[in-house]
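Heads up, the thing below is written out as structure tokens.
The values are calculated or read from the model by the stated rules, or taken from the named source; none is laboratory data. Here the structure is a predicted model, which is why all the values come from computation and not from measurement. Cβ placement follows ideal geometry from the backbone for every residue including glycine, while neighbour counts extend to all protein chains displayed. Each accessible area value is taken on the protein alone, full model and side chains, heavy atoms only, with ligands, DNA and RNA left out. Shrake-Rupley method; radii C 1.70, N 1.55, O 1.52, S 1.80 Å.
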Amino acid sequence: MTSTAARTALELTSDLPVAELEDLYRDLHRHPELSLHEHRTAGKLAGRLKGAGFETVEGVGGTGVVGRLRSGDGPTVLLRADMDALPVREATGLSYASETNGVMHACGHDLHVTWLAGAAEALAAGRDAWRGTLLVVGQPAEETGQGASRMVADGLYERFGRPDVLLGQHAAPGPAGLYPHVPGLIMSASTDVDIVVHGRGGHGSRPEATVDPVVTAAYLVTRLQTVVSREVAARESAVLTVGRIEAGTRHNIIPDEARIALNLRTQSEEVRQRMLAAIRRVARGECLAAGCPREPDVSIGNTFPVTVNDAGTDAAVAAVHGEVFGAGTVFDPGPAMGSEDFPELALGSIPYAYWFVTTTPGEVWEQAPGDTLQEKFAAVPSNHSPHFAPDLSTVAPGVRTLVSGALALLAEA
Ligand code: ZN
Ligand code: ZN
């Protein structure tokens with residue numbers, strides 16, 4: 001243990017109200033709220049921030065919460081947690097399972113809010129140990145990719161000051177107690193695309209009088225599988241998944257149109273543009289081949305940017321995590337195909353570090369089939385699974401990651 005930040009972090013978190021933070025976590029888990037409806041969650045977080053002495057404002061970008069605490073001259077460090085839940089029916093069987101039918105904290109954002117509240121309180125209580133300004137953000141609507149940009153558009157930085165650096169963390173599968181860090185690209189971009197194939201409907205017995213959009217859509221779905229395999233270089237990583245295909249009403253009616261919804265994951269803007277161009281070309285080509293009466297509509301829906309850590313910032317945070325938790329707990333897993341709207345808070349220029357906290361309970365990990373880390377990783381419940389159930393033992397460590405990360409970037413008192 002060498003750095004002041006690590007020593008101070010351990011001091012400030014030596015006597016965390018763990019039982020009480022676990023209660024907060026269980027309460028948030030019982031009461032999940034969908035994107036842009038995080039009223040109760042926001043209220044809970046705002047109450048804690050006010051109680052800890054933060055100047056606190058609610059309703060930023062919809063249901064966002066911002067807390068600010070100054071302690072003399074120094075950098076402004078923003079700590080962010082997302083707050084929304086998912087339309088997933090919980091199947092964990094936990095005593096504190098969701099009480100809202102069909103809605104569940106299946107991505108761990110309840111844990112993120114708990115970590116943020118605990119860290120804000122610890123840093124406020126220990127404000128004599130650091131210099132600078134803390135900006136604490138409870139962000140709505142991460143799952144729909146809207147929340148971060150809505151908060152920025154609502155004047156987040158005009159009203160509360162532009163931060164010098166941003167920190168964010170996410171619960172992830174893996175044996176509880178690891179802190180994966182990546183010094184550059186850590187999360188991929190996500191792009192939703194909708195395609196409408198226009199045919200000409202008619203009686204199922206007389207296909208010669210129609211242009212069947214179902215057959216065209218089937219060709220299109222198959223042909224789209226060649227975009228990644230034949231048009232993206234092997235050194236690049238990309239995914240194209242058709243998640244929804246919809247056409248028709250009855251066995252003997254050829255419908256007028258077919259709809260295809262797909263999602264792309266990419267790790268560079270060049271590959272993304274290349275894939276979008278290929279999708280448009282393939283869609284037009286299949287419709288032309290089928291004799292469709294008009295060109296298909298291809299539209300872009302929800303998008304998430306790539307998440308690229310600033311190498312220096314991430315190195316500083318990874319180093320303090322290694323000191324606080326032990327060097328073996330921090331490792332580089334390489335980029336993930338998942339996506340985040342956190343980088344929207346960076347406006348393309350504010351450096352940030354974003355890392356994972358593994359949360360799979362030890363016994364679940366032990367019992368998962370497989371011998372290697374990869375095999376077990378694929379076998380345990382992932383984020384968005386109805387069985388996703390982070391270990392309560394990760395409540396205190398997730399507070400320490402934020403406190404130590406912040407202290408590594410704030411000035412020393
Ligand atoms: Zn999620
Ligand atoms: Zn998430």
For Ala153, the net charge from surrounding residues (Cβ-Cβ under 15 Å; K, R +1; D, E -1) works out to -1
Going by the alpha-carbon gyration tensor, a ≥ b ≥ c the square roots of its eigenvalues, is segment 147-199 rounded (a/c under 1.5) or, if a/c is not under 1.5, prolate (a/b greater than b/c) versus oblate? oblate
Distance in nm between label sites at Leu10 and Arg230, each 7 Å beyond Cα in the beta-carbon direction? 6.0 nm
Rounded to one decimal in Å, the inverse mean reciprocal Cα-Cα distance for segment 188-293, i.e. its Kirkwood radius, is 14.5 Å
Using the alpha-carbon atoms, what tilt in degrees (0 to 90, nearest 10) does helix 18-30 show relative to the longest principal axis of the chain? 20 degrees
Among Gln374, Pro296, Ala389, the residue whose Cα sits farthest towards the positive end of the charge dipole of the chain, when +1 is placed on the Cβ of each Lys and Arg and -1 on the Cβ of each Asp and Glu, is Pro296
Segment 36-91 and segment 299-351 have their Cα centres apart by a whole-number Å value of 20 Å
Which value, in Å² rounded to 10, gives the accessible area of Phe331 with a 1.4 Å probe and all protein chains present? 70 Å²
Of every hundred units of 1.4 Å-probe accessible area on the chain, the number belonging to carbon and sulfur atoms, as a percent, is 51 percent
Of all DSSP beta bridges in the chain, antiparallel share, percent nearest 5: 70 percent
Using alpha-carbon positions, the gyration tensor of segment 297-375 gives root eigenvalues a ≥ b ≥ c; with a/c under 1.5 called rounded, otherwise prolate if a/b exceeds b/c, else oblate, the class is oblate
Å² per residue, accessible surface of the chain at 1.4 Å: 42 Å²
Quick one: the Cα spread of the chain along its three principal axes, in angstroms, biggest first? 80, 43, 42
Helix axis angle, 269-290 relative to the chain longest principal axis, alpha carbon, degrees: 20 degrees
Using per-residue counts of other Cβ atoms within 10 Å, averaged over each peptide, order 192-200, 116-124 from highest down. 116-124, 192-200
Explain nothing, just the number: dipole magnitude of segment 69-159 about its Cα centre with +1 on each Lys and Arg Cβ and -1 on each Asp and Glu Cβ, in debye rounded to the nearest 20. 260 debye
How far, in degrees from 0 to 90, does helix 395-409 lean away from the longest principal axis of the Cα atoms of the chain, to the nearest 10? 80 degrees
Rounding to the nearest 20 debye, state how big the charge dipole of the chain is about its Cα centre with +1 on each Lys and Arg Cβ and -1 on each Asp and Glu Cβ. 900 debye
Report the charge-dipole magnitude of segment 327-397 in Debye, nearest 20, computed about the Cα centre from +1 at each Lys and Arg Cβ and -1 at each Asp and Glu Cβ. 40 debye
Quickly estimate the mean residue ellipticity at 222 nm for the chain, helices only: each DSSP H run with n ≥ 4 gives -39500 (n - 2.57), and the total goes over all residues, rounded to 500. -11000 deg cm²/dmol
Heavy-atom accessible area of Glu158 with all protein chains present, probe 1.4 Å, nearest 10 Å²? 150 Å²
Sorting Lys376, Lys44, Lys50 by accessible area (1.4 Å probe), largest first, what list results? Lys50, Lys44, Lys376
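Given a Förster radius of 25 Å and the C-beta distance between Glu269 and Ala153 as r, what FRET efficiency does 1/(1 + (r/R0)^6) yield to the nearest 0.05?
My answer for the efficiency is 0.70.
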